[in-house]
Amino acid sequence: MQIICATTLAAAEVVALLLRANLVPAYGFRIEPIFEPLVPVTFTPREPLPDALLNQIAAVPETQIVR
């Protein structure tokens with residue numbers, strides 16, 4: 001599964017949601033691109049995410065979940 005954000009604002013909201021769910025970058029999820037603030041920003045969770053968290057992420061504008 002991947003979470004694709006079309007804007008950096010959407011990516012910031014998704015990061016906040018993942019961090020609130022106690023996921024740690026590099027261990028709980030991967031972010032690409034890493035060193036440049038380019039869009040789209042892609043998040044790849046290393047484990048399945050709970051449905052409640054997926055629903056919150058899906059509600060973020062400019063964000064798409066690809067399974």
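Bear in mind that the values in this text are calculations on the coordinates, not laboratory data. Please read all numbers here as calculations on a predicted model, not as lab measurements. Glycine also receives a Cβ, built like all others from the backbone with ideal geometry; neighbour counts cover every protein chain displayed.
Its Cα centre serving as origin, the chain has a Cβ charge dipole (Lys and Arg +1, Asp and Glu -1) of approximately 140 debye.
Taking every Cα-Cα distance in the chain and sorting them into 10 Å bins starting at zero, the pair-distance distribution P(r) comes out as 23, 64, 14, 0 percent.
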